[in-house]
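The structure appears below as structure tokens.
A short reminder: the numbers here are calculations on the coordinates, not readings from a lab. Not measured: the values here are computed from a predicted model. Note that each Cβ is placed from the backbone with ideal geometry, even for glycine, and that neighbours are counted across all protein chains shown.
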Amino acid sequence: MASRLAIIAGYRTPFSRMGTDLAELSADDLGRIAVDALLTRTGLDPEVVDEVIFGCVAQPAEAVNLARVIALRAGLPQRVPAVTVQRNCASGLEALTQAEEKMLAGRGEVFIVGGTESMSRIPLLFNDRASDRFTRLARAKSLLDKVKIASGFRPADFRPRAGLMLGLTDAVSGLNMGETAEVLVREWKIPREEQDAFALESHRRAVAAKEKLREEIIPVFAASERSSEPVRDDNGPREEQSAEALAKLKPVFDRQCGTVTAGNASQITDGAVALLVASEERAHKLGLEPMGFLTASAYVGCDPKRMGMGPLFAIAKLQADHPGKFGPADADLVEINEAFAGQVLAVLRAMDSADFARNALHRDDPLGAPEREILNVNGGAVALGHPVGASGARLVLTALRELTRRNGKRALVTLCVGGGQGAALWLERE
Amino acid sequence: MKDEHDNHGSAAGSNERNVLPSGVTLERRDDGVAVITFDRPGSSANLLDASVFGELGRLLDSLYASSGIRGLIFATAKPSIFIAGADLRALSENVSASDIEKLVDLGQRTFQRIADFPVPTVAAIHGACAGGGCELALACDWRVASDASSTRIGLPETQLGLVPAWGGCTRLTRLLGPAQAADLILKGKLLPARQAKKRGLVDAVCAPENLLDLAVRKAVPGENRPGRSVMGLLRRLQAPVVRPLAERKLKTTAEHYPAPGLALKVITEGALRPTRQSLRLEKEAIVQAASTDVCKNLIRLFFLREKASRKTGKARLPERMAVIGAGVMGAGLAQWFSSRGSRVILNDIAPEPLDRGMRAVRRLYRQGVAKRALTEHDARRGLDRISPADGPVPLPRLDLVIEAAAEKMEVKRKIFQELEEGASDNAILATNTSALSISEIASVCRKPERVIGMHFFNPVHRMPLVEIIPGDKTDPEITGAALDLARSAGKIPVAVGDKPGFLVNRILMPYLVESTLLWEEGFRVRDIDDAMTAFGMPMGPLRLLDEVGIDVAGHVAKTLADAYPERMQIPDVLNTLIQEKNFGKKSGRGFFHYGGRKPEPNQELEDRQTVTREDGPAGEDLAERPILALINEAAFCLHDGIAAGPEDVDLAMVLGTGFAPFRGGPLRHADSIGPARIVERLRALEKKAGARFKPCPLLLEKAEKNEGFHSR
């Protein structure tokens, strides 16, 4: 049997809402902090690392091949290569599964993987007309030409396009992510109250898990000029969150008839996660104790308009690839990334739907939804936040930590991916 | 940064060349350009002395006579030095005025020949180009410089009590005008290549590999530097305005340091006179400056510093290290070592103190950028090398651990016990304690031989001294490695004995205590501090106590009072201030009040003086008692074997406390007063003020034999 990928250790920065505690740090700063903490806390000799693989959706313009920048800044030896991966919301998972693929292909045994995102620092962009004028201005030779071109600028040219909004809009269907969620809640008839109740529960669980989450979080020191405290915890979960307050929020994506609000959608957040992974044999030789193993994974495409259904297709594919194994019922823990409360609820309904199984998944029996008791037990992205490039790695880390705490055996981690994809993977402890 | 660019001064081998015994090489290239390369044998530095000038003169003669020379280039074969300046040994102790005059004449004549050389002359500057080296470059028509980090150009003579006298004052004034010349010469600053270019000191900058080519291109068109310009003349006419402005800046130091004033006089007067006369002014000025004790003391300190900085073994800057404790010292150490290139784990027990430490580190880096000591990029790279860790973390693969935690024996012992378990076997385990016994800390370790004291001073980035303190079981190899490690980190180490207060704090404390006793006797804060700054201390003693922190000082005073009760005590006023939580600068109030633009004496405290002297310090030399207490303790340190010799005492006190450098250090100062006189004064004070002034046996011995601490 081929070697399994052992996940040995992982740490993450706190997840901070956009524009708050970590806003001064760039995606590479955050990634460096996570990787540095991983190296410091494990005491790993960076010489043994074969490659650094990091996911990031909006790579900063000043840190192209962000993974390389992170690796060098965190003190990895120069000869250790690094690659940045992008599979939208699953970028942090992609880093992990790519490590596995490289290991299986015999291209390395020890990897530092993870994901990072600074949604605070996704830049504003000039529109095409302004960019064009700037280009011509730069090329203009004579002063007269320069004046001519410069005087052609109009106020509207300086209206920026928010890179963040562009990134959250699907290029093919033209729908914003929130609009895709509205599609699902309409089709699966998920009332606003149910979405809000799910969001409230996410907050409640995240707040209750504060001490547990501290085990995976490393504080960020001297993060900003303003505060005089280390940043220690996620600042998304709201202790005082009430159903009434959630009910008052206006829908964001369909102002008239919609039900998706800022309160029942994932938060826009900054953060980074780093994981140390290695082949089982190498981990053993290095005396590293695995937290768990990556036993199976799948990515699969789906309708971009209904990208939120991605998890179903990915779970089904995993099962089809491994008959008799990896049904949701086998899991001691399940993480479904909470892109939107309504989207997760739609996924859960579809999991129990025989029609959906037959028509969309082309199988006889429904997948079978997990009990709420084992689903997103420490809260999800609605409360903790969704720094897109980092979330996948966070789910793996949080799930493995919790599996260890419960002395469970198997966890299923799954995400929907903007652009119409699903990702699912299985983690196992011995 | 490593420079791996050897031999960029010498070109292809086919050309004709001859090497002279002092390492000056002449090479005539096929293109008609002559290259004179300096390569002093058996030394990493090129220096100027009579024999170099002699050979240089003869080479210039032969070139002058020969035909077909289109240009002349001066270059170096050393990896990081162009010409470091004059061989200062020629100016040591017993040189006569006429010797100096002779050497000045020789240098001026030689450089004038370069200035008068008929074809274009170019200095191809790579590495340190200081003093006489810079004066040679100034005599050339053109100056091109490599952008290597080792390239530094300037005239630092005044910092050694000297005046640039091989045409430096004269030619720099003519090149840049008196205002710029005064700025550069009076501060003695050495400029990196790009800054030198910005100021107009060099004409072009390029990579070391291209330096010779660029120099040739400067020489080949056959252009001498254009002679006098109207602008240049106008600039020189500013001299009468420049002088009073610059003099005002020198006011506070002029009394103790005459050289900058002398140089200013040459620059401003020489600006308006013919070159020949300006050169004569230079000569007069240097003869006057070099005859002073100030100059001799400064040069002696320079040599002591050089000697103490020389590595003796292989130990290098730690690649990886850890600092335990993120307080002021811990943060300062992490910042310093990370800025030099070490990866540093900064460890503290909880996130909050670590956050404060990391903020302090960030602040230090920001200050470094603001002062242009570092670029933004350097600062970020430096910060990236620090790994903050709250709580216990593994400490493998480290070269050095420095403990900088609370000054409590139990705390340190616990840390060292843990370090012995956790830290890699070959790491040096150092403590930055300023007061506790190294041997006692090490006694909890099974392998005390790798435990040592490395006492850095606060602020770490500014204080060059490190006291290296082996405990009774420390392996001498570890001591040697610690010394070299400090040197590699750009610090100057002095090995001292493991007795309370070690060297610097022990000598300083009686001085500080005596100053506070003066206050208790009714003298005013301002009068006491003014007396000591007038003596030449960089800061008054009461102000210094505020800076150090009254609580910290009280702690050290207690340690020392316990160890040497016959001479040291904790003044009541310190206890009072500590009780009232007036810890000095950090709490806003101590002997001074901090709040306004300038610290003002703490009026509330002064109002409480039980005794007052309405007449002020009339007729009293307030400096005498503190300084005598300090000298006596310095003698005790030597007597007790805390320092290896009087040189170490002097160097450590100058570097560690800023003890008036022009006086050469406490023992040098004692020698200049004469031990007999010191004993006499101490005995008088012993009668009047108490047994703490009882002279040290070593002083008595010196007085008896009528000899100084330093052999002449």
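Okay, here's what the table says:
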| read-out | value |
| --- | --- |
| Degrees, to the nearest 10: B:178-187 long Cα axis against longest axis of chain B | 40 |
| Spherically averaged projected area in nm², based on the convex hull that wraps the Cα atoms of region A:18-124 | 6.8 |
| Cleavage-rule hits, trypsin sites (Lys or Arg not before Pro), region A:305-395, DSSP coil, Cβ neighbours within 10 Å at most 16 | A:LYS325, A:ARG363 |
| Cα-based equivalent ellipsoid of region B:172-228: semi-axis lengths in Å, sorted from largest, via gyration tensor | 24, 17, 7 |
| Assigned charges on the beta-carbon of Lys, Arg, Asp, Glu; chain A dipole about Cα centre (debye) | 1340 |
| Alpha carbon Rg of region B:419-476, scaled by the compact-globule rule 2.2 N^0.38 Å | 1.15 |
| Approximate shape of the protein assembly as shown as ellipsoid semi-axes (Cα gyration tensor, √5λ), whole Å, largest first | 65, 40, 28 |
| Kirkwood hydrodynamic radius (C-alpha pairs) into Stokes-Einstein, region B:463-576, 25 °C and 0.890 mPa s, D in µm²/s | 156 |
| Per-residue mean of C-beta atoms belonging to partner chains within 10 Å, peptide B:343-351 | 3 |
| Förster radius 22 Å - calculated FRET efficiency between B:SER443 and B:ALA691, Cβ distance, rounded to 0.05 | 0.10 |
| Options B:ALA271, B:ILE100, B:PRO221, ranked by Cα towards positive dipole end of region B:16-291, top entry (Cβ charges) | B:ALA271 |
| Cα convex hull volume per residue for chain A (Å³) | 164 |
| Degrees separating the helix B:258-271 axis from the principal Cα axis of chain B, which is the longest one | 30 |
| Per-residue Cβ neighbour rank within 10 angstrom, fewest leading, B:VAL494, A:VAL113 | B:VAL494, A:VAL113 |
| Exceeding the 20 Å Cα-Cα cut-off - candidates B:LYS197/B:LYS265; B:LYS307/B:LYS491; B:LYS198/B:LYS265 | B:LYS197/B:LYS265; B:LYS198/B:LYS265 |
| Lysines whose Cα lies under 24 Å from that of A:LYS189, excluding same-chain neighbours fewer than 8 positions away | A:LYS248, A:LYS250, A:LYS305 |
| At q = 0.16, 0.29 Å⁻¹, base-10 log of I(q)/I(0) for region B:470-531 (Debye sum, equal scatterers on each alpha carbon) | -0.68, -1.15 |
| Which of B:HIS593, B:ILE528, B:GLY664, positive extreme of dipole for region B:504-705 (C-beta unit charges) | B:GLY664 |
| Alpha-carbon Debye profile of chain B, log10 I(q)/I(0) at 0.10 Å⁻¹ | -1.08 |
| Fraction of antiparallel bridges per DSSP, the protein assembly as shown only, in percent to nearest 5 | 50 |
| Antiparallel content of DSSP bridges confined to region B:320-495, in %, to 5 | 15 |
| Qualifying GluC sites (Glu not before Pro) for region B:174-258 [loop in DSSP, other Cβ within 10 Å: at most 16] | B:GLU223, B:GLU255 |
| Theoretical FRET efficiency, 1/(1+(r/R0)^6), r = Cβ-Cβ of A:GLU240 and B:LYS102, R0 60 Å, to 0.05 | 0.10 |
| Dimensionless Rg over Rh [region B:16-291; C-alpha; Kirkwood] | 0.95 |
| GluC sites (Glu not before Pro) restricted to DSSP loop in region B:495-595 with at most 16 other C-beta within 10 Å | B:GLU521, B:GLU566, B:GLU580 |
| Antiparallel bridge percentage (DSSP; both residues within region B:16-291; nearest 5) | 35 |
| Positive-pole candidate from A:HIS386, B:MET463, B:GLY261, dipole of the protein assembly as shown, charges at beta carbon | B:GLY261 |
| On Cα atoms only, tilt of B:624-639 relative to the major axis of chain B in degrees | 90 |
| Fluctuation leader among A:PRO160, A:PRO123, A:PRO191 - chain A, Gaussian network, Cα springs under 10 angstrom | A:PRO160 |
| GNM result for chain A, Cα springs below 10 Å: residue of A:ALA320, A:ALA272, A:ALA381 fluctuating most strongly | A:ALA320 |
| Principal axis box of region B:504-705, alpha-carbon based, largest edge first, Å | 51, 33, 33 |
| Table column - 3J(HN,Hα) (Hz), region A:413-424, Karplus curve with 6.51, -1.76, 1.60, x for Gly and Pro | 10, 9, 9, 8, 10, x, x, x, 8, x, 10, 9 |
| Integer Hz, Karplus 6.51/-1.76/1.60 couplings in order for region B:508-523, x for Gly and Pro | 6, 4, x, 5, 5, 4, 4, 5, 5, 5, 4, 5, 5, 7, x, 6 |
| Average other protein chain Cβ within 10 Å of Cβ, residues B:376-388 | 3 |
| For region B:320-495, average projected area of the Cα convex hull in nm² | 8.7 |
| Of A:LEU367, A:LEU164, A:LEU286, the one that fluctuates the most in a GNM where chain A has Cα springs shorter than 10 Å | A:LEU286 |
| Average beta-carbon neighbours from other chains, 10 Å sphere, peptide B:395-406 | 1 |
| Amide proton proximity set for A:ALA296, modelled H, under 5 Å, gap of 5+ | A:TRP426 |
| Kirkwood hydrodynamic radius of region A:201-313, from inverse mean 1/r over distinct Cα pairs, in Å | 18.7 |
| Distance (nanometres) between label positions extended 7 Å along Cα→Cβ at B:GLU680 and A:GLU187 | 10.7 |
